[in-house]
Amino acid sequence: FSELAEEETVNHVKNLQSGEANIMVAVRVRPVSKAELKKELYPIVKVMDDKFITVQDPSTGPGDGEFATNQASGGVKEKQYAFDYVFDENTEQKTVFDKTTQILLDGVLDGYNATVFAYGATGAGKTYTMLGTPTEKGIFGNSFEELFTQMEDHSKDKEFKIKMSFIEIYNEMIFDLLLPNEKPLELREDATKGIHVAGISEIRAESTGEVLELLHLGNQNRSTEATDANNESSRSHALLLVTVEHKERNSGTEAEIKVGKFSLIDLAGSERASNTNNTGIRLVEGANINRSLLALGNCITLLYQNSEKKSKKYIPFRDSKLTRLLKDSLGGNSRTVMIANISPCNSVYEETSNTLKYASRAKNIKTDVRRNVLSVSFHVSKYQSIINSLKKQVNEL
Ligand code: ADP
Ligand code: MG
């Protein structure tokens, strides 16, 4: 049957069961590192509970490594923010996954789109959150584990197909991280596929272990270059694109295939070019990274204004590769989670404040979620007539 399934024709794309959804915004604070402790850096971020976080302006603080608990203690300037979730430095990978991403997966398995993206400055913990380490798997690995488990649970009556691609956007060029050293890929848009990357390699995913091995290798192919801000600054945006298709078993020659697109994104560092001693090629990179992140910022700001003022301002998704690819995740057909990563240290106060401001704006953005159903008919008739004529020949022998 699966051979025949390759011969399917898409008759039309249907969208069922619409509904509005807010972007969920979570903040994760990473621990102070040993190197930072050695440099006598101290935390200026305090997680109040699982919704509130407070940040002190270190120029007004006691500066002795003690987090002042009230304004009276030396006129400390502090600001509190609220989010859907705030995760402190002790929160485990699995907990972050359970609270942010787990809830999206039922939808993905049922033909809805979902997006999770990590935002924040270099060194804030984006890659740790998304990819994780070989021993502490992040959102990528936990998602695959959950998807495989649920697919297994439903395998009696549903037939699943899960594919993945892993790409980076670097200098406004798209590269395949699973097929390194290839030429940049182009973005295309059409009615059935929507926006997609032409010529991208798609791998049929079989097990979490195998997937993670590929992703760790792919991550090493990312364009990273030493800058003064951090010696392993990620200069590129990495996008893991997962497609989950399924149809009911016994659905015969006419079937509905439900297609859930799941995008998992590890953005490039959000720090401004001025914070690093970038010159030449690095500066060009900075400008292009900022072009994608700037475009993302513009889109988020305008979407936020639209939802606040119930206006319908034009959203410039076309301004960068990243925003073109994220169009559905932000303004359209996707349930979306943003994880804002921050460092707790006094040395990066400005970046932390910027990240939290940015994340606050994203909270109000609404997306319009629909289910993707392809109506297909299988070319069984063609094969059936060949089989019939062969049978006839056999009978006549
Ligand atoms: P980014 O991708 O944002 O540049 P990384 O994810 O590479 O930052 O994190 C920087 C360093 O901090 C890495 O060594 C990483 O392992 C460590 N780290 C980040 N977040 C955590 C965390 N929640 N718990 C423990 N270590 C973390
Ligand atoms: Mg990184």
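Every number in this text was worked out from the coordinates using simple rules, so none of it is lab data. Since this is a predicted model, take the numbers as computed values, not measurements. So basically every Cβ, Gly included, is an ideal-geometry build from the backbone, and we count neighbours across all protein chains shown.
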Around residue 22, under 10 Å between beta carbons, what's the net of Lys plus Arg minus Asp minus Glu among the other residues? +1
Honestly segment 123-239 on the Cα gyration tensor test (a ≥ b ≥ c root eigenvalues; a/c under 1.5 rounded, otherwise a/b vs b/c for prolate or oblate) is just oblate
Checking the cross-link filter: which lysines have an alpha carbon closer than 23 Å to that of residue 312, excluding same-chain neighbours under 8 positions apart? 321, 327, 357, 363, 366
Charge context of residue 243, other residues only, Cβ under 9 angstrom, K/R +1, D/E -1: +1
Around residue 177, which amide H atoms from residues at least 5 apart in sequence, or from another chain, sit under 5 Å from its own amide H, with H modelled in the peptide plane? 166, 167, 168
Compare the peptides 97-104, 207-214, 237-244, 192-199 by average per-residue count of other Cβ atoms within 10 angstrom and give them in order, highest first. 237-244, 97-104, 207-214, 192-199
Debye intensity ratio in log₁₀ form over the Cα atoms of segment 290-332, taken at each q of 0.18, 0.20 Å⁻¹: -0.43, -0.53
Estimated inter-spin distance, residue 80 and residue 133, nm [label 7 Å along Cα→Cβ]: 3.5 nm
Looking only at lysines whose Cα falls under 21 Å of residue 38's and that sit 8 or more positions away or on another chain, we get 46
Give the lysines reachable from residue 391 as a straight Cα distance under 17 Å; neighbours fewer than 8 places away on the same chain don't count. 382
Please report, largest first and rounded to whole Å, the three semi-axes of the ellipsoid equivalent to segment 133-186, where each semi-axis is the square root of five times an eigenvalue of the C-alpha gyration tensor. 30, 16, 8
Computed over the Cα atoms, what is the radius of gyration of segment 98-178 divided by 2.2 N^0.38 Å, N being its residue count? 1.26
For segment 367-374, Karplus couplings with θ = phi - 60° (6.51, -1.76, 1.60), whole Hz, Gly/Pro x: 10, 10, 8, 10, 9, 9, 10, 9
What net charge do the residues around residue 337 carry, taking every other residue with its C-beta under 13 Å from that of residue 337, with Lys and Arg at +1 and Asp and Glu at -1? +2
